[in-house]
Amino acid sequence: MANNYIATAHPSALVKFSAFGHFVNDKQQHLLTVKSRSLELFALEGEELVELKKLPIPCTVTGFWSFRPKNHGKDVVVVLSRGNELAVFELISDLVNGIKIQTRWTGKFPAPEELKMEPLAVFHPEQRFMCLALYAQRLEIVEFSADLKTLKCFPIRYPSTDGSRILGMDFLSRPGSAASDSMLAVLQTTRLGHSLAFCNLNIKIKEKEKPVSTYSKLDPEVSLMLAIPGNDVVPPGAIAIGNSTIQYSNTSKQPVSVASPFLTKIVVTAHCVLFKDPVTGVISYLLGGADGRLVLVVVRLNTKPSPAPLTSDAKWKACRINVEFIGVATAAQTLTVVGHGLVYLGAATGPVSLLIKLREASRNPETKFYYDILQTFTGLGSILELHVVRNVEKQSLEQASLLAVTADTFGKGLTIVRNSINLQDPVDVPVSGMQKAWVTSSPESAGTTSRTFVLSDFTSTCCCTLDKDDFCETDPGGDLILTSRTILFHQLSDSLCLQVISSAVRLLKWPQFELVQEWRMENLAITVASLLKHVLVVANGCTIHMLHITSNAILPLRTHTCTNEICALELFADHAGDQFIATGEWITSNVSIIQCSTMALIQENIQPTGDVLPRSLMFCRFSEEISYFFVGRGDGNVDYFIFDETNKEMTEHKRIPLGTRLVTFIKFRAQGQVNVFACSDRPSVISCRNGKLLFSNVNIRDAVDVCPFEVTGDLSSSDDLMVVRESSISMGHLEDIQKIHFIPQHLGFQVFRLSLDAESPTVAAIGDKKDCRSNKFAIHKSPECVDERLLYILDRHSFEIITTFQSADPMDCLSCLCHWRVAGRSFLVVGTETERQIPDRTEKKGDGLEKKWNGHLIVLELINDKLQIIYTYTTTEESVRNVASYGDLLLAATDNALLTFEWLGHQLDEPNRLETGGSLNCHLDVVDDTVMLGDVQKSVVLAKFNSTTRAFEVTATDYTNYSFVSLMQRNNQTVMGGDDRGNLMVLATKKSENGEGDVGNQQALEPTSWISFGDPVTSIKRGSLVSPESIGDVSVRIVDSFVFGTSKGQLGIIFELEDDVFKLLKHIEAHLINETQSLGAMDLASSLRFNGRLMEQSHAGFVDGDLLKLARDMRSSELEAVLGSFKLAPENANVKNPSLDVGFVQKILDDLSRLH
């Protein structure tokens, strides 16, 4: 069994559910959104949504609804998990914990059969119960008590025929109706078609009464049912949305049907009520289609009574229905009204969710749509393919990057994913030996690009100016000391600056550099200094001098003598304004805290002694609630603590290696947030997000010091930095500070398949026709234009189109491609699938034609930026589903065989054919001398290459019903894949003792590890998001690493760990599962269990890294208690592991977190 650590590298930004209501209090409304593993709360400020809270969701949410119980002050949230577990909770807010979840009730429904439909839920508008449809022929009724702490659940049988299922349902209402009325409209599909039925639910006797009326003449392509309330004339009813039609019916069987071209071939994925008037019977719905269409449907009930008797040719109709085209946006998973004319559109496949404002009359002059985009929420779209590459962009440090092929309506279907932060558009100046840099500003330079810098090396100081790209040394004049090393320089105001050198502290006029006052002592030799506003502390050997800087004087305040010589200083203040001095000592390497008001030592030796010298200290308050203290060591390690404002001490010590050489810190502000730049041979930016520290690698070598471009007296929000390096100075704009960067490439077409060659300067891609998504959306072009696929050759760095290729046969559909290097030449091989109509030779049926599939292998070569066809091979009655290269051989997976080709110099030789017994071999992967094939009939085949026969021979097979959507080969005996239910599995060869399941010398593939990750995993590749060069040494040995993407745009990593570390993490995970409450107190173990009937066991062979993040936040005493019950294997029971302490385990958890 493989030991797998699985974790989320980037959470999904695609929205599954959303709701708007009074969730926190009865005065303010908020927007709740549910993503794959998070619940987010937004407040509407004007016409902007502002995120207030983000809560993790370890379980897989399959249903999410909100409602306001009668006589209840707030909206209540109902959540259904994958295991049919139902939870009812509210959001509460207090001053101590902020916004948190208060669970009212949780319970689980029995699951006698596989869930074969999307869960549906409706709430009675007057009574305190909901109707939940989980199964094809049964409704679950959930009654809520007044305090929401007790729920009664019972089933009601809904008679239906075999193969039928409920597509939609809703309660109906009309003015003056009794609160006990429980009329339910149900849209059902059967083998005979669709039907719309109206029936009463009798809650007292727990039965469904006979339908009041049924309407069966529905469009066979109906995708949605919407309730229409009644008025004094027309009883309540419903509309069914089909292909180009809307059909209305009510309890009195008064049908109305309208047709609209705006509904042609629409598949409605989201809807919301825009307006509702129960008195006049006017209701309007906004519909969102799978192709991005936004359509407005307005239903107006007739207010005049119908003539009696109503004849078939009468003009009276129960309602009038109008359909208006609003525009096209990203495909919506949810539509939620958040204000007057404001609608939140949650993306289904990505990559952008929107806040839009509907226009009442005129169109938007640019888009010609009846809405304006107010706010965008970007993310990664549904992932189709992943490719691990190196150095996608030319930077100074090699990067580990991904090319993600994503579903994107906007034509940006290719995204570069990087883990490190880049210095964009850098300007390099060859200056060697510099150690420190400071920037100054003056009123004259305001609004200009001119900057003045003070730089210092070990023996001297100089002044330089930067104007655009012109960087030169200048003569500052005045009394600025240039013949000595400057320890600290700071511009105090528009007229004063401070220079600290080894022999004196000098107060100077700015910008004349005229001396105002100098402070020095006999035998003074300043080594380190720290400044906080107008208070300066300097160290002279073992003595600390505290000075006050005024506009015209330097005033001594206090002194303190330490036991040993001081090598590092940091002056900082707490919330109350009390000042403290942190000191680092040369001999003992101790770090201590001194209170400035009394110069008394309040905390000594805040970390273990005997370590490498502390070379830099930094106190940083990231927010009002969170303050950290950092210690940079000479060996590249960084210790960090939480500063306890109450007890005035450093607590919760942790350590992280950021490099191999000494670390120094510089504080700067970017994107409105305070951050810390850690300079070393592997620089990092330390930031705090949601109360947790993030260490982001910076793609620069050997940063000695960093100087942010600041405004006088305050840190600016500019992201421009000067980076002092060993042999140069680099100036540029720092990217957004986040753990993973996404760089979408606007190609103008949707990418389906991609191929890269490490030695080639180009990238090959199969996509739809360029500019078919003009005006941003494919709906404006014909389906033939969208379905037409071309081969694009792109530049590897700029992703500009070099050339294209289109098959001469219009029936050919490009399906796959790969690079192939053979005989000193570089080929690009493209596979096609072609549907042909040929005469039926057996028995004529219908038009006497039957469908047959043919395929081609087209060998292309890029010559002078043009693709030339070298050779074409045709496969008869089978399509080419996938291609790959194996040395000098070409492998092609067809419908039911593996073809192996050799190159004869001018053409492909006749292939060696290996029958796989499967059908439509979509998955093909080669590792060493073994090839893996996977088909749509859920079989997996491993075949090993025989060098004697130069052919592949089957070694292992698996025919279980796992429905893989992604497959990859870990080694010659193990495969890993994700199925369509969100499970992730590892299958390994196993030869049974009695031979059962084995065929000849073939072995069976059996599952050894499995876990439910929630969203279907669509692509798995060997590799990592983090370059080993940028991380350095870690405490955990990674045997192998993989990255994967999901259908919801989620990125994850899988590490194969050694046994001892895996057992330790598994022990911690078991404790967290038992002690941690999930969303609504749901069972965490159930959410990780295999999703399906094939395996009922708990997850095995995987440890959930997302859950282990909770252990990083545990206090040392809590983690120590968990480790106390950890027992080693029986054979090692007498062996004591001296390294198994809290610090060692915390380092393991931190290192694993850094690796993704």
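The values are calculated or read from the model by the stated rules, or taken from the named source; none is laboratory data. These figures come from a predicted structure and were not determined experimentally. Every residue, glycine as well, gets a Cβ built from its backbone with ideal geometry; the counts of neighbours run over all protein chains shown. SASA here: full protein model, heavy atoms, side chains in, ligands and nucleic acids out. Shrake-Rupley method; radii C 1.70, N 1.55, O 1.52, S 1.80 Å.
Values computed for the structure shown
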{"quantity": "R0 of 41 Å, Cβ-Cβ distance Arg689-Ser597: FRET efficiency to nearest 0.05", "calculated": "0.75"}
{"quantity": "Chain lengthening between Thr660 and Asn243 when straightened (0.36 nm per residue, less Cα-Cα)", "calculated": "143.6 nm"}
{"quantity": "Surface per residue (accessible, 1.4 Å probe) for the stretch 31-83, Å²", "calculated": "34 Å²"}
{"quantity": "Accessible surface ranking that places the most exposed of Leu374, Leu617 first, with a 1.4 angstrom probe", "calculated": "Leu374, Leu617"}
{"quantity": "Cα lying deepest toward the dipole's positive end in the chain, options Ser623, Ser530, Ile203, charges on Cβ", "calculated": "Ile203"}
{"quantity": "In Å, descending, principal axis extents of the Cα set of the chain", "calculated": "113, 83, 71"}
{"quantity": "Hydrodynamic radius of the stretch 630-699 per Kirkwood, over alpha carbon pairs, in Å", "calculated": "12.7 Å"}
{"quantity": "Distance-filtered residues of the stretch 183-200 - backbone nitrogen under 16 Å, label point 7 angstrom along Thr214 Cα→Cβ", "calculated": "184-200"}
{"quantity": "Value at 222 nm in deg cm²/dmol, rounded to 500, when DSSP H runs of n ≥ 4 in the chain each add -39,500 (n - 2.57)", "calculated": "-1500 deg cm²/dmol"}
{"quantity": "Neighbourhood charge, 15 Å Cβ-Cβ cut-off, centred on Ile869 and excluding it, Lys, Arg +1 and Asp, Glu -1", "calculated": "-1"}
{"quantity": "Dipole of the stretch 1-101 [Lys/Arg +1, Asp/Glu -1 at C-beta], most positive-end residue of Gly73, His30, Val61", "calculated": "Val61"}
{"quantity": "Per residue accessible area of the stretch 720-773, 1.4 Å probe, in Å²", "calculated": "34 Å²"}
{"quantity": "Contour excess over end-to-end distance, with Cα ends at Asp929 and Lys152 and 0.36 nm allotted per residue", "calculated": "273.7 nm"}
{"quantity": "Most positive-pole-ward Cα, Leu86, Leu828, Leu898, against dipole of the chain from beta carbon charges", "calculated": "Leu86"}
{"quantity": "Surface accessible to a 1.4 Å probe, per residue, for the residues of the stretch 298-380, Å²", "calculated": "51 Å²"}
{"quantity": "The stretch 1-80, Cα convex hull volume normalised per residue, Å³", "calculated": "118 Å³"}
{"quantity": "Local net charge near Leu32, Cβ-Cβ under 13 Å (Lys/Arg +1, Asp/Glu -1)", "calculated": "+1"}
{"quantity": "Accessible carbon and sulfur surface of the chain relative to its total accessible area, %, 1.4 Å", "calculated": "48 percent"}
{"quantity": "Most to least accessible of Arg157, Arg68 (protein chains only, probe 1.4 Å)", "calculated": "Arg157, Arg68"}
{"quantity": "Nearest-20 debye value, the chain charge dipole, Cβ charges on Lys, Arg, Asp, Glu", "calculated": "3780 debye"}
{"quantity": "FRET efficiency, 1/(1 + (r/R0)^6) with R0 25 Å, evaluated for Lys265 and Leu192 via beta carbons", "calculated": "0.65"}
{"quantity": "Gain on full stretching of the segment that runs from Asp467 to Asn971 - 0.36 nm per residue minus C-alpha separation", "calculated": "175.8 nm"}
{"quantity": "Solvent exposure, largest accessible area first (probe 1.4 Å, DNA, RNA and ligands not counted), of Asp909, Asp768, Asp219", "calculated": "Asp909, Asp219, Asp768"}
